[in-house]
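The block underneath contains the structure these notes are about, expressed in structure tokens.
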């Protein structure tokens with residue numbers, strides 16, 4: 001492989017990692033909107049109604065987003081592994097952490113399933 005192609009693969013790997021982390025942050029925002037609201041003393045005192053179940057459509061969007069993030073991070077992990085084996089470039093732990101976080105989130109949401 002030429003140096004230009006190697007640089008493009010490296011750049012693609014880092015770009016996919018950045019996209020993955022942005023998706024995780026977006027998934028946290030969606031998670032906050034999808035989960036049931038918490039009833040507190042103040043809401044009980046003033047008689048404010050709170051939602052006690054998950055929003056189905058937002059929950060489904062969250063699962064698809066986390067699956068996409070897990071697949072993206074896995075592909076990025078494979079690219080990084082290929083670069084590490086072939087050209088002895090440094091291995092990025094951010095990609096590994098992203099994959100672990102997204103895979104665990106997918107498993108937890110699979111267990112919740114409202």
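The values are calculated or read from the model by the stated rules, or taken from the named source; none is laboratory data. Please read all numbers here as calculations on a predicted model, not as lab measurements. A quick note on method: Cβ atoms are made from the backbone with ideal geometry, for glycine too, and the neighbour counts reach across all protein chains shown.
Within the set 87, 26, the sole residue that is under 17 Å from the mean Cα position of the chain (by Cα) and either modelled with pLDDT under 90 or under 23 Å from residue 110 (Cβ atoms) (or both) turns out to be 26.
Please go through segment 29-40 and pick out each residue that is in contact with a helix residue (DSSP H, G or I) (Cβ under 7 Å, 6 or more places away or on another chain), at pLDDT below 90 and either over 12 Å from residue 54 (Cα atoms) or buried (at least 16 other Cβ atoms within 10 Å of the Cβ) (or both). Correct list: 34 only. If you take the residues in segment 102-114 that are assigned to a helix (DSSP H, G or I) and in contact (Cβ under 8 Å) with a residue 60 or more places away in the chain, which one is farthest from the chain's Cα centre (by Cα)? Ranking the candidates gives 105 first.
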